[in-house]
Amino acid sequence: QEADEGSPVSRALEGIREEVAALSDGRVADYIPELAHADPDTFGIAAVSAHGRSYCVGDAEHAFTLQSISKPFVYAVAVEELGLDAVHGHVGAEPSGEPFNAISLDERGRPENPMINAGAIVTTSLVRGTEGRFEHIRSVLSDFAGRRLSVDEDVYRSEAETGHRNRALGYLSLAGGVLVGPVEEAVQDYFRQCALSVTVRDLAVMAATLSVGGVNPVTGRRVVSQRTARHALSVMASCGMYDRAGEWGLRVGIPAKSGVSGGILAAAPGAFGLGVFSPPLDEAGNSVRGVAALERLSDDYDLHMLRTP
Ligand code: GLN
């Protein structure tokens with residue numbers, strides 16, 4: 001249910017939004033041509049409590065594409081289907097300290113982790129699903145969001161036409177013996193999962209589902225096991241913010257995942273699911289206002305996962 005706008009949580013979110021909106025640095029991503037059309041001033045924040053109450057401020061109804069925020073959820077799909085050890089026979093679990101599109105292979109031929117592109121493409125390649133791979137991915141991610149998600153075809157096409165570096169990462173992983181081929185099919189499904197269209201409220205519901213251990217607190221439906229939810233939170237905590245993972249752990253300390261369209265999803269275990277959207281990015285590819293807003297939220301509500309009593 002939607003909480004009323006005058007609630008203390010909504011007022012607090014609005015205060016943070018107004019303050020952070022003044023930040024004007026960062027650049028909208030344009031290497032996927034379709035993303036360059038984003039309005040840099042769009043800015044929304046949403047929070048969903050462990051009980052499923054939602055609080056939204058700013059441009060909460062604006063739709064954008066998931067991009068890398070799809071990665072922890074597809075990782076969860078793969079872990080549910082294959083088990084943790086089988087998945088990690090193909091992809092590592094170490095923070096890479098490198099950008100999201102890095103050429104990354106560890107000493108066993110695996111991409112360093114499932115949150116960078118190389119590891120995410122391998123993870124997607126592992127999923128089978130009875131109704132076909134992408135339909136399975138879409139249906140589980142929709143259960144996380146509590147509504148049926150659809151693909152933004154323009155963004156999908158734009159990336160499919162230009163995403164040759166991701167194809168190269170796929171072929172490298174095939175050569176390393178860790179991607180389950182054919183590469184082009186895995187890469188296409190990866191582009192589709194990245195092009196799923198969401199709002200900040202969807203992000204907050206998806207995050208809240210992880211925060212409470214795999215049951216969507218709005219629909220009441222179990223999406224993944226408690227253990228799988230914890231695994232997804234773990235890789236988000238160590239690898240979710242690319243080469244800013246350490247800094248993020250220090251200043252925010254909430255398992256999170258960012259995407260190049262400008263979204264950040266953060267899941268405070270047992271407390272809140274959070275979603276922020278603002279397109280201008282810092283050099284690491286993380287939303288400038290999103291990072292600032294989550295820093296404030298973590299501070300104001302004492303959401304750091306290593307807080308002491
Ligand atoms: N689809 C994007 C890509 O593969 C996702 C990257 C991101 O959001 N950081 O380049």
I'm told Thr199 meets every condition in (1) more than 15 Å from Ser142 (Cβ to Cβ); (2) hydroxyl-bearing (Ser, Thr, Tyr); (3) touching a strand residue (DSSP E or B) at 6+ places or on another chain (Cβ under 9 Å) except one. Can you identify the failing condition by its number? (1)
With Ser234, Ser287 as the choices, which residue is among the polar types (S, T, N, Q), more than 28 Å from Ala36 (Cβ to Cβ) and either out of contact with any helix residue (DSSP H, G or I) (no Cβ under 8 Å at 6 or more places or on another chain) or not assigned by TED's automatic domain parsing to the domain that holds Gly214 (or both)? Ser234
Exactly one of Cys194, Cys239 is crowded, with 24+ Cβ neighbours inside 10 Å, within 16 Å of the ligand (Cβ to nearest atom), hydrophobic (A, V, I, L, M, F, W, C) and at pLDDT below 95, and that one is Cys239
Selected residue (only one of Thr219, Thr199, Thr228 is closer than 19 Å to Thr65 by Cα, modelled with pLDDT of 95 or more and away from the ligand (no atom under 16 Å from the Cβ)): Thr199
Only one of Gly253, Gly273, Gly285 is at positive phi and either assigned to a strand (DSSP E or B) or within 12 Å of the ligand (Cβ to nearest atom) (or both); which? Gly285
Can you name the helices (runs of 4 or more DSSP H) wholly within the range 1-95 that have at least 1 residues being β-branched (Val, Ile, Thr), within 16 Å of the ligand (Cβ to nearest atom) and touching a residue at least 12 places away in the same chain (Cβ under 8 Å)? 70-82
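I'm trying to understand the selection: among the residues of the range 128-143, which are part of a helix (DSSP H, G or I) and either without any contact (Cβ under 8 Å) to a residue 24 or more places away in the chain or closer than 14 Å to Asn216 by Cα (or both)?
Glu135, Ser139, Val140, Leu141, Ser142, Asp143, listed by residue number.
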Within the range 162-177, residues of a type in the set (D, E, K, R) and free of Cβ contacts under 8 Å to residues at least 24 places away in the same chain come out as Arg167
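The values are calculated or read from the model by the stated rules, or taken from the named source; none is laboratory data. Just so it is clear, the model here is predicted, and its values are computed rather than measured. So basically every Cβ, Gly included, is an ideal-geometry build from the backbone, and we count neighbours across all protein chains shown.
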